[in-house]
Amino acid sequence: MSDAKTEGTAASSPASHTRKRILCLSGILLLIALAIVRSAVTTSLDSFTYDEGYHIGAGAVHMRTGDFRLNPEQPPLTKLWVGAYVNLLGYETSPLRAFADKEDERKFVEVDAYEKNDPFVLQTRARAAMFGLNGLLLLLFGLSVWRVFGDFAALGSVAFLAIDPTIAAHLPVVMTDLPVALASGIAILMAAHAFRTWRLLDLLLAALALGLALSAKHSGIITLIGVAIIRTVIALAFAKGERLSERFRRLGSVAAVVLGGIIVLWAFYGFQFRETPGTTEETFNRPLAVKISDVRSTAYRTALTAASVAYIFPRAYTWGMADTIRAGVEGRAIQVRAFGSSYYARAPLYFFPGIIAAKLPIGLLALSLLGAGLLIARRLPGDWLVPFVCVAAFSALFLFFLMRGSSYAGVRHALPIYPLMAILSGFAIAGAMRMKSLALRSIVGLLLLVAAVSAVPQMRPWEYFNEFAGGKENAHLYFNDEGVDLSQRIGEVADYYHRELKPSGEIPFIAYFSNATDRKARGMDWVGRVPERDLPRFEPEMVTGTFFIGANELGESTWWDIGKPFRGTEPVARFGNIFVFRGSFPRPTAMLARGIFYRTIYATIYTHEPNIPAAIEGIERSLALDGKCFFVSLELGNQYLKLGDREGALRAYRISHANAPRTDSIYDLIGEQ
């Protein structure tokens with residue numbers, strides 16, 4: 001299996017060599033099986049994350065109709081895999097129609113997922129499908145490490161991923177972060193091997209792996225760039241003394257791998273450019289040209305337009321790339337808490353390295369550092385250096401893009417760095433086995449034990465933070481990104497509601513990032529579900545009731561400071577990152593302002609029949625309650641502009657500009673407007 005030196009003597013018999021291969025493969029399979037069992041148990045209480053129903057429903061439609069208009073912001077690998085499985089077991093879908101905006105599209109898909117189908121049965125089926133997909137990718141990653149670095153390095157790398165709680169948390173969820181991390185790791189390793197042997201089979205495997213990364217998530221584009229740049233450099237650097245024709249042949253092989261990866265991506269879209277078969281008209285919830293115009297950067301807009309005009313990618317993929325750049329690279333209008341301080345959209349440059357260090361069990365972190373030390377000390381085979389440099393260079397490139405982008409997703413966007421950490425841990429284990437040092441083996445064994453004891457028994461591994469970061473109980477004091485919580489606790493909220501509140505007819509307030517369609521499917525009622533009924537609840541200066549507040553809402557905020565009335569108050573109950581408060585509290589105007597704003601824009605602006613005067617009235621009501629939110633004033637200015645009221649628009653834009661964050665380019669853009 002491996003071109004690296006195997007552990008053992010050159011004189012070992014073929015039978016012995018075969019036994020070693022069988023033992024290594026069995027070890028990898030056992031570790032993956034244990035990882036899946038551990039994940040199944042420790043995530044068994046998790047509810048759907050916020051987007052899973054959306055992804056599943058879109059995937060089911062993709063498989064059934066070949067139409068890719070739904071959820072184009074996510075490439076199809078994960079959705080097709082899960083969609084095929086749920087369709088096989090019976091999934092009801094509604095006939096496709098035109099959509100006014102993303103919210104309209106999301107609601108359409110989620111009505112299918114949560115109302116036309118049993119969402120609890122659906123989650124069980126989706127978890128099974130994702131265990132299959134991610135288990136397969138783990139196996140391919142282990143085999144790739146084995147092929148490049150040998151058997152003990154492979155076993156150590158897979159052991160790292162099997163122990164890590166963040167990996168365990170992502171194994172069953174219908175999201176794209178873990179698939180792209182594993183597929184990218186496989187692609188870089190296969191490319192490193194292919195460009196060392198230049199054999200046709202290895203080049204084909206590298207292209208296939210690259211195509212999987214592109215099809216898993218749009219950040220796979222970084223993998224493509226990494227393969228192209230790194231391998232071009234190596235093809236030229238290691239061609240000294242070669243004829244010019246040989247150099248061109250190698251460069252041609254690099255180009256073929258890149259082109260092959262793009263062809264694999266097209267295959268996932270059925271080799272169709274248009275999102276909807278049988279029509280040349282766009283059917284997205286927002287036209288592609290308008291979607292591209294939302295991107296601030298001229299360079300990105302030019303590249304996206306060129307990709308569309310030149311038919312480089314399917315149109316749905318380009319649409320999703322525009323969405324990814326706008327939200328993930330340029331940043332969303334959100335407040336980020338990082339290491340106890342608040343920032344707008346982007347945390348400091350050290351955020352992603354820091355969040356990885358905070359999320360990894362200390363034992364695994366130390367094991368990776370030990371592997372790096374052995375590599376630097378040249379205690380490992382010399383032919384491991386070049387492929388490792390490829391992996392490290394890709395990780396550095398990926399980290400560069402991460403550090404320039406938005407921080408809202410936390411560690412899940414940093415998962416493509418995990419293969420590098422896993423390989424370094426594999427180096428530590430391989431080094432211990434090769435050097436036959438009792439002290440080194442004892443250290444490695446102790447670090448694995450410490451990591452396992454810290455991480456494996458933890459229920460709800462999504463919430464895991466290591467001891468240096470305050471542990472899962474206190475991490476919300478320092479972080480509020482999606483690596484802290486992503487709606488998985490809504491099931492406990494529903495249980496508490498049905499047990500403690502519904503019998504007496506009490507309707508609670510909920511400020512927890514969760515899916516309203518999911519809450520409805522659980523038979524819940526909450527303040528704001530029926531606005532006309534619930535607005536009087538906010539009229540008194542002191543409001544009495546039960547409040548479910550997400551941990552990410554408790555920290556201080558520049559605008560919409562939801563947690564202000566509750567800070568310093570002891571909750572009556574806590575479910576992980578949800579705090580339950582009961583009693584009388586100062587009027588939660590921030591909660592009301594946010595609710596009015598979002599209800600207004602989705603009911604009067606992002607709809608088939610916009611009502612601009614009603615939109616202005618609703619937005620002004622929101623601003624009267626909390627005038628610090630700059631994008632609310634910005635939206636008000638946009639609506640005044642639609643009516644031709646230049647003075648009203650300028651007044652709103654000036655307020656928006658005064659409240660906009662100075663650290664972001666949005667400040668200058670509003671100033672220009």
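The values are calculated or read from the model by the stated rules, or taken from the named source; none is laboratory data. Nothing here was measured: the structure is a model prediction, and the numbers come from that model. Cβ placement follows ideal geometry from the backbone for every residue including glycine, while neighbour counts extend to all protein chains displayed.
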Take the conditions assigned to a loop (DSSP other than H, G, I, E, B), in the same structural domain as Val180 (by TED's automatic domain parsing) and either under 28 Å from Gly83 (Cβ atoms) or not charged (D, E, K, R) (or both) and apply them to Gly270. Does it pass?
yes
How many residues of region 64-90 are closer than 21 Å to Thr283 by Cβ and either part of a loop (DSSP other than H, G, I, E, B) or assigned by TED's automatic domain parsing to the domain that holds Ser215 (or both)? The answer is 10
Counting only residues in region 455-491 that are modelled with pLDDT of 95 or more, not aliphatic (A, V, I, L, M) and not in a loop (DSSP other than H, G, I, E, B), the one nearest to the chain's Cα centre (by Cα) is identified as Trp462
When (1) closer than 30 Å to Gly576 by Cβ; (2) crowded, with 18+ Cβ neighbours inside 10 Å are applied to Ile28, the one that fails is (1)
Given (1) without any contact (Cβ under 8 Å) to a residue 24 or more places away in the chain; (2) surrounded by fewer than 21 Cβ atoms within 10 Å (Cβ to Cβ); (3) touching a strand residue (DSSP E or B) at 6+ places or on another chain (Cβ under 7 Å), Val527 misses just (2)
#### Entry: Residue check, Ala153 among the small types (Gly, Ala, Ser) and either within 28 Å of Lys79 (Cα to Cα) or surrounded by fewer than 24 Cβ atoms within 10 Å (Cβ to Cβ) (or both)
no
The residue from Ile229, Ile234 that alone is in the same structural domain as Ala183 (by TED's automatic domain parsing), in contact with a helix residue (DSSP H, G or I) (Cβ under 9 Å, 6 or more places away or on another chain) and surrounded by fewer than 20 Cβ atoms within 10 Å (Cβ to Cβ) is Ile229
Considering region 492-524, residues that are assigned to a loop (DSSP other than H, G, I, E, B) and either without any contact (Cβ under 8 Å) to a residue 24 or more places away in the chain or in contact with a strand residue (DSSP E or B) (Cβ under 7 Å, 6 or more places away or on another chain) (or both), and then whichever is farthest from Ala414 (Cα to Cα), we arrive at Gly505
